[in-house]
Each structure stands twice: as structure tokens, then as C-alpha cells.
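The values are calculated or read from the model by the stated rules, or taken from the named source; none is laboratory data. None of the values given here were measured: they were computed from a predicted structure. Backbone-built Cβ (ideal geometry, glycine too); neighbour counts: all protein chains shown.
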Amino acid sequence: MAYKLAIPEHTEHQIDQCISYIVNTLRIPSAAGAVLDDIEHTYSKLEKMAESFAFCDDPYLRSKRYRKLALENHDSSGRLLPMP
């Protein structure tokens, strides 16, 4: 089943800020590209199989049936994770 993602504007803004930081402060454009690729890959998986992701722990978000997910190749700090 295909799902339509609703990405809030503030989420897009946060992503833009992270990418800008990686490019302009850290000066590692290739890392910014890798993070964007990981985000796009994760969005694609979510569109195709949202039911495989757990619901959010937050009661309000859970009531709206929001799913939680993490990037496959980067942790929340943006560090590249080792490949299994």
C-alpha cells in the first residue's frame, strides 16, 4: 500500500538548517549529500511500508497515528553509522 507523506514545514526547515550547518560550518558538502540521500531513502521506505514503523511514544502523536523512524545510516547527531 502506498502512503502519502505529510512533512510539516518546520521539519523541512530543520532539515535545511542541518544541511546548511554541514555545508557552511563543517564545510563537508559530501556529508550533507549523504544525509539528504538517507532522508530521501527513509521517506521512500515510509511511503511504501509505513506499517513497519512503530507508532510514536508521545500520546498526542500516537493518537494522530504518527510513526517514529530513524535514518538508516546516520544517528541523531548526523554521524555516519558503521555498516552491519
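Residue check: Ser76 meets all listed conditions (1) surrounded by 10 or more Cβ atoms within 10 Å (Cβ to Cβ); (2) at pLDDT below 90; (3) of a type in the set (Ser, Thr, Tyr) but one, namely (1). Does Ala50 meet the test of being in contact (Cβ under 8 Å) with a residue 12 or more places away in the chain, farther than 20 Å from Tyr66 by Cβ and not in a loop (DSSP other than H, G, I, E, B)? Judged against the criteria, Ala50 is not a match. Does Glu12 fit the bill of being modelled with pLDDT under 90, among the charged types (D, E, K, R), exposed (fewer than 14 other Cβ atoms within 10 Å of the Cβ) and in a helix (DSSP H, G or I)? So Glu12 fails the test. For Leu61, state whether it is touching a helix residue (DSSP H, G or I) at 6+ places or on another chain (Cβ under 8 Å), under 26 Å from Lys4 (Cβ atoms) and either assigned to a helix (DSSP H, G or I) or at pLDDT 95 or above (or both). Here the answer is no, as Leu61 does not meet what is asked.
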